[in-house]
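Peer 1: Just dropping this structure here.
Any read-out appearing in this document is the output of simple, stated calculations on the displayed coordinates, not a laboratory observation. Since this is a predicted model, take the numbers as computed values, not measurements. Note: ideal-geometry Cβ built from the backbone for every residue, glycine included; neighbour counts use all protein chains shown.
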Amino acid sequence: MSRMIEFGDGPVAYVMKRYPRLSETFIVNEIRAMERLGADIRIFSLLPPEPPPHHPITAEVSAPVDYLPADGFEKWQRTLHAHAACAAAAPWRYVKALARAVQWSVSSTSPAAVWKQFGRAGIVAAACRFQGVRHIHGHFANAPTAVTQFASLMTGISFSFTAHAKDLYLTPRNIIARRGAAASFIATCTGYNVQYLSEILAPEHTAKIHLVYHGIDLDMFHNAPSATPAPRQGKIILSVGRLVPKKGHDTLITACGILRDKGVEFKCMIVGDGPLREELAAQITALGLDAHVSLEGAMTQAKLIELYRRADLFALAPLITEDGDRDGIPNVIVEAMATNVPVVSTAISGIPEIIRDGETGLLVPPREPAVLSEAMARLLSDPGFGQAMAKAARARLESEFDLWRTTTRLHRLMGCIDCKTPPNSSRFIATAVMAEVS
């Protein structure tokens, strides 16, 4: 049985695979909000940061970041020193953690990965003990949570984790069940994930599962026009997402070809980078869409907000891949809605939780470019209909996806005593009161 988190004002450690990442603004926003609510955060990044650009809001996070050494003499020196410190501080706990590593590596299809996370965990555990950390939280249910659980075993510090999408659905169910049984709580970002976790965990552990949507700082997103708007020709369709199979960009490009053949004037801008860039560029050229569809590459959230304000329509066509990988609720859908942009997307995973078809956006089946094209054409030809849905979507965000409301819940799940009101956020006062009485 896992222990309840003791309420206190000691630091909370966040363990992540890589920090910061351009595609994970929701984590930076969460940590920034946690700090404004009064939490003392320590960050452990298993890998070095992505090269610039970084989102400007990253500079607003004051938490120190401990980057674990990737390789070479420093890695082995620090790992051995940390494990020796853990063994000396709590010999019996360390022996139990080591025994678990042996047990799990024997039953694993990738024993080397188990020992890799065990090695990393010693560094996290030693640092957490030295810094007086009282709770450890892993972001993503795969490697970060493996490290987090081992660190908890070595120190006796309680742990929890947030399960998102790929990390949840590509990790074997028995491993998720094992981690969930030991954790103090599990946060996850969609009701769809809650149902999946409820099927995996033993009945006595399902009460640990908490739906915590990725909140959005609504003050950052509004529909004020750019001070220097760019020249426009036709309607602008915006799509944002890494260039990977589960985002369905190939479906969107094919749908754009159908839209072009209908004589619609538009420009589709796809923001993001990834391994499919060359393949998607070739598809654009093969369909003769170079004048209509562009791959814009990755960009910071500040630049992306300017594109949201120029867009007439936001389109994303996620799908479930053959290996089970999928999105949860793509944060870019929430950002587009917050900027009053009409949205069309696919009815998979948690997306129907945010898009109510015909009310807050349009839903289409995955891998159906003709249907997607019809939905985009409808929104482009009837801006009044689109804006009515955009208004309803913004209202839904304010009631269920406000960053301060969602982070207040997480703040309390982690046993934080203080709950300060962040500066210049009158909305937070109301949502904090609502969270308190709900």
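Peer 1: Can you compute the FRET efficiency between Ala370 and Ala302 using 1/(1 + (r/R0)^6), with r the Cβ-Cβ distance and R0 = 41 Å? Round to the nearest 0.05.
Peer 2: Numbers: r = 36 Å, r/R0 = 0.87.
Step by step, r from the Cβ atoms, then E = 0.70.
Peer 1: Considering just Cα atoms, how many Å³ per residue does the convex hull of region 313-353 enclose? Let's see the in-between values first.
Peer 2: Numbers: hull volume 2.3 nm³, N = 41.
Residue-normalised Cα hull volume stands at 57 Å³.
Peer 1: Ignoring everything except DSSP H segments at least 4 long, calculate the 222 nm mean residue ellipticity for the chain; use -39,500 (n - 2.57) per segment, divide by total residues, nearest 500. Please list the in-between numbers first.
Peer 2: On the way: 17 runs with 204 residues, N = 438.
Here the helix-only value at 222 nm equals -14500 deg cm²/dmol.
Peer 1: Which whole-Hz couplings ³J(HN,Hα) result when phi for each residue of region 67-78 is put into the Karplus expression 6.51 cos²θ - 1.76 cosθ + 1.60, θ = phi - 60°, listed in order with x for Gly and Pro?
Peer 2: 3J(HN,Hα) across region 67-78, in whole Hz: 8, 5, x, 7, 6, x, 4, 4, 4, 5, 5, 5.
Peer 1: Sequence neighbours fewer than 8 away in the same chain don't count; with that in mind, list the lysines whose C-alpha is under 16 Å from Lys262.
Peer 2: Output for Lys262: Lys235.
Peer 1: Further question: Would you mind working out the magnitude of the charge dipole of region 218-398 relative to its Cα centre, with +1 at each Lys and Arg C-beta and -1 at each Asp and Glu C-beta, to the nearest 20 Debye?
Peer 2: The dipole magnitude comes to about 460 debye.
Peer 1: Still on this structure: Mind pulling the angle between the C-alpha long axis of helix 173-182 and the longest principal axis of the chain? Nearest 10 degrees, somewhere in 0 to 90.
Peer 2: Compared with the principal axis, the helix lies near 50 degrees.
Peer 1: Within the chain, which is the longest segment that contains none of the GluC sites (Glu not before Pro) sitting in a DSSP loop with at most 15 other Cβ atoms within 10 Å?
Peer 2: Numbers: sites that count: Glu6, Glu265, Glu322, Glu359.
The answer is 7-264.
Peer 1: Amide H of Val293: which non-local residues (sequence gap of 5 or more, or other chain) have their own amide H closer than 5 Å, using H built in the peptide plane?
Peer 2: The list, which skips near neighbours in sequence, is Cys268.
Peer 1: If you line up the long axis of helix 91-107 against the longest principal axis of the chain, both from Cα atoms, how many degrees apart are they, to the nearest 10?
Peer 2: Helix 91-107 sits at roughly 50 degrees to that axis.
Peer 1: If neighbour count is taken as other Cβ atoms inside 10 Å, put Val334, Val264 in order from fewest to most.
Peer 2: In order of increasing Cβ crowding within 10 Å: Val264, Val334.
Peer 1: Sort Leu168, Leu380 so the one with the fewest other Cβ atoms within 10 Å of its own Cβ comes first. Could you put the intermediate results ahead of the total?
Peer 2: Numbers: Leu168 25, Leu380 20.
With the fewest neighbours first, Leu168, Leu380 line up as Leu380, Leu168.
Peer 1: Specify which residue in the list Phe314, Ser110, Pro352 is farthest towards the positive end of the charge dipole of the chain, using unit charges on the beta carbon of Lys, Arg (+1) and Asp, Glu (-1), about the Cα centre.
Peer 2: Ser110
Peer 1: Over all Cα pairs of region 287-367, how is the pair count split among 10 Å bins, expressed in % and running from 0 up to the last occupied bin?
Peer 2: Pair shares across the bins are 16, 44, 35, 5.
Peer 1: Related question: Give me Tyr19, Tyr94 ranked fewest to most by other Cβ atoms within 10 Å of their Cβ, as a rough exposure proxy. Don't skip to the end; give the middle numbers.
Peer 2: Values: Tyr19 27, Tyr94 21.
With the sparsest Cβ surroundings first, the list reads Tyr94, Tyr19.
Peer 1: What ³J(HN,Hα) values, in whole Hz, does the Karplus curve 6.51 cos²θ - 1.76 cosθ + 1.60 give for region 356-367 when θ = phi - 60°, with x put for Gly and Pro?
Peer 2: 8, 4, x, 10, 10, x, 10, 10, 10, x, x, 6
Peer 1: Further, regarding this structure: Let me check I've understood the local charge: for Cys256, count other residues with C-beta under 11 angstrom from its C-beta, Lys and Arg +1, Asp and Glu -1. What total comes out? Spell out each step's value before the answer.
Peer 2: On the way: positive: Arg260, Lys262, Lys267; negative: Asp250, Asp261.
Computed value for this residue: +1.
Peer 1: To make sure I understand the rule: partners must be lysines, Cα under 17 Å from the Cα of Lys247, and not fewer than 8 residues away in the same chain. Which ones qualify?
Peer 2: Lys166
Peer 1: Further question: For all pairs of alpha-carbon atoms in region 1-109, what percent lies in each bin of width 10 Å, listed from the first bin to the last filled one?
Peer 2: 12, 30, 34, 22, 2
Peer 1: Suppose every Lys and Arg Cβ carries +1 and every Asp and Glu Cβ carries -1, with no other charges. What dipole size does the chain come out with about its Cα centre, to the nearest 20 debye?
Peer 2: 1020
Peer 1: As a test of understanding, state the convex hull volume per residue of region 218-398 from its alpha carbons, in Å³.
Peer 2: Values: hull volume 19.4 nm³, N = 181.
Convex hull of Cα atoms, per residue: 107 Å³.
Peer 1: I would also like to ask the following. Multiply the residue separation of His54 and Glu279 by 0.36 nm, subtract the distance between their alpha-carbon atoms, and state the gained length in nm to one decimal.
Peer 2: 78.4 nm
Peer 1: In addition: Mind checking which of Pro365, Leu252, Gln149 is farthest towards the positive end of the chain's charge dipole, using Cβ charges of +1 (Lys, Arg) and -1 (Asp, Glu) about the Cα centre?
Peer 2: Among Pro365, Leu252, Gln149, the one farthest towards the positive end of the dipole of the chain is Gln149.
Peer 1: Tell me the angle of helix 249-261 to the major Cα principal axis of the chain, expressed in degrees between 0 and 90 and rounded to the nearest ten.
Peer 2: Approximately 10 degrees, to the nearest 10.
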